[in-house]
Amino acid sequence: MQKKLFSVPALLLTAVLVVGCNTSETKDSDAQKNEPSNTPTEQQQPSSKDTTVDESQETPTSNETNKDNKDNTTKKEQEVKYVQKGVDKTEKATESNSADQDYKMHQLPGFTLTQEEPGKDMLVSKDNPEVFMRIESIDASQTKYEDAKTSMQDYMNAVGEPSSLSSEDLAAFKDVKNIEGYVVRFEEDKEKVIGVVFEKDGLITKLIIHDNDELDLTDAMLKMAATIAKK
């Protein structure tokens, strides 16, 4: 900071000396010639033609940058098709990264992805916070699929009387090494709990879905879960 404070006055003093010298030289020149020369002024002014050329040269770079940004945005979006209350729907899902876990997924605009606790995330419906999907993803090197499957079965048995999901129910999950799914229905409350465990892309992921007949977002959440991949 001291060096900066010292250099500023020095620069100001130098500027004053230069201006003074220039003033003296100008006076001497005026004494010798009645008409001052305009040549230096003309040389200092940039040509409008040169400016136009420079601007045209910069334009392609700007356009290319905008194109690259647009391409990157497009790559992070994916169309997701799902069924809600018997109606086919298609929406654009945006890629989201888990803040704590080693996975990414495509998220529909009607949901919010947040961390519930270390090692567990919640994908919550914006229309009803009681409709959600809990996501727990573990590196396959740190656990075994059979252990995760047993843990899921124990959880679902504690919830109620589970029945297995069909291969059609889990058809959205492509290129999975292993997968199992279960559902417990509460007919009176028109609610259901779904548990899915699968192994894909070096990750073993457990899902717990809470849904109701009013929103019927199970298919949407399963379609999003099918996009889970390692970062």
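The values are calculated or read from the model by the stated rules, or taken from the named source; none is laboratory data. Owing to the predicted nature of the structure, the values given are computational and were not obtained by experimental measurement. A quick note on method: Cβ atoms are made from the backbone with ideal geometry, for glycine too, and the neighbour counts reach across all protein chains shown. For accessibility, only protein heavy atoms count, side chains too; no ligands or nucleic acids. Shrake-Rupley method; radii C 1.70, N 1.55, O 1.52, S 1.80 Å.
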Matching residues, the stretch 92-104, being over 10 Å from the mean Cα position of the chain (by Cα), outside any loop (DSSP other than H, G, I, E, B) and under 16 Å from LEU207 (Cβ atoms): TYR103
Checking the conditions here, which among LYS177, LYS85, LYS144 is closer than 20 Å to THR227 by Cβ, open to solvent by 30 Å² or more (accessible area, probe 1.4 Å) and not β-branched (Val, Ile, Thr)? LYS177
Test: residue in the stretch 112-120 that is touching a residue at least 24 places away in the same chain (Cβ under 8 Å) and open to solvent by less than 70 Å² (accessible area, probe 1.4 Å): no
Mind checking which residues of the stretch 180-193 are more than 15 Å from LYS149 (Cβ to Cβ) and open to solvent by less than 20 Å² (accessible area, probe 1.4 Å)? VAL183, VAL184, VAL193
Pick out, from the stretch 176-219, the strands (runs of 3 or more DSSP E) lying fully within it that include 1 or more residues that are of a type in the set (D, E, K, R), at pLDDT 95 or above and under 24 Å from the mean Cα position of the chain (by Cα). 191-200, 203-212
